[in-house]
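Every number in this text was worked out from the coordinates using simple rules, so none of it is lab data. Bear in mind the structure is a predicted one, so any value in this text is a computation, not a measurement. Don't worry about glycine lacking a Cβ; one is built from the backbone with ideal geometry, like all the others, and counts go over all protein chains shown.
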Amino acid sequence: MTPHTLALVGATGGAGTTRTAVELAAVGARAGHDVVVLDAAYATQGLSEYVSGRIGTDLTTLLTDDPDASLSAATYPIAVDDDARGALDGRADMVPARAPFERVARAKTAEAARALERRIDEAAAAYDAVVVDTPPVASNQAVAVVTTVDRVAAVRPATPHGRDALARLYGRVADVGSSVDATVAVARTDTTATDADEPTDGALDASIGVTNSPVAAAPTTATATDAYTGAVVDAYETLFDTSLDLEFDRPGVFDRLTG
């Protein structure tokens, strides 16, 4: 079965999970796919930083105060400039979390987690690909996500610390009756050769060398043709078992992902 729903779960804090989700959505839309990112990381609410303008209805509202509303009521396009918007042949949308503590607390209940499962199914019916930005598997909503989606991918820093954190995440996911199907190793530009390592865990592996560009510059993959974008293309193709009609150079380490 071709996967349509994907949970990106950070193996450790600061792994680059939210940024990776946004870039995957942008590169999918660039190739003509309709992609949406759901923000189940209610505590950090990082996806909201990629929305241009005010957020009214958010995902937690749909799970608590307004359960009968359509998913589209909390859906916003990922913020890109006009040139990048013209380069997207598909949709790159998001359903962010932007809520006060009281509503966040209610969104973490078992009842709200069941509502989240239904919202993932609703998104899958409306989009070619669904990416869920998922917190560590220690909350009701995280358990709901990893037991509902087609594929679970662990995002970890490409460092020994990231590998250790990945082992712990494997155990947590197994404890709730699911499994980690893929890993995404994110190497930052300030990671030295002695710190970085190659991903060897999981049935599927991808490697992304991420830039240190700020949130305001993302998603860079909407128009760029650099090695980073090539790695995100390869990751999308691997994680969703598909092929994107995007061709440009993939130098160096990234070549191994298309060999």
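A compact table of results
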read-out: Under 5 Å, built H, 5+ apart or other chain: amide partners of VAL132; value: LEU6, ALA7, LEU8, LEU38
read-out: ARG168 paired with PHE101, simple spin-label distance in nm, labels 7 Å along Cα-to-beta-carbon; value: 2.5
read-out: Likely footprinting exposure, LEU169, LEU63, fewest C-beta neighbours within 10 Å first; value: LEU169, LEU63
read-out: FRET efficiency estimate (nearest 0.05) - Cβ-Cβ, ALA138 to SER179, R0 22 angstrom; value: 0.80
read-out: Built amide H within the under 5 Å cut-off of ALA97, gap 5+; value: ASP39, LEU47, SER48, LEU59
read-out: Whole-Hz couplings from phi, Karplus 6.51/-1.76/1.60, listed for the stretch 20-37; x for Gly and Pro; value: 4, 4, 5, 5, 4, 4, 5, 6, x, 5, 4, 8, x, 7, 9, 10, 10, 10
read-out: Against the rule of thumb 2.2 N^0.38 Å, how large the Cα Rg of the stretch 1-140 comes out; value: 0.98
read-out: Highest to lowest packing among 146-155, 101-110, scored as the average C-beta count within 10 Å; value: 146-155, 101-110
read-out: Contour excess over end-to-end distance, with Cα ends at ARG114 and ASP82 and 0.36 nm allotted per residue; value: 7.7 nm
read-out: For the stretch 62-165: rounded, prolate or oblate by the Cα gyration tensor [a/c cutoff 1.5]; value: oblate
read-out: For the stretch 114-121, Karplus couplings with θ = phi - 60° (6.51, -1.76, 1.60), whole Hz, Gly/Pro x; value: 5, 5, 5, 4, 5, 5, 5, 5
read-out: For a label point 7 Å along the Cα-to-beta-carbon line of GLU122, residues of the stretch 66-99 with backbone N under 19 Å; value: 66-78, 92-99
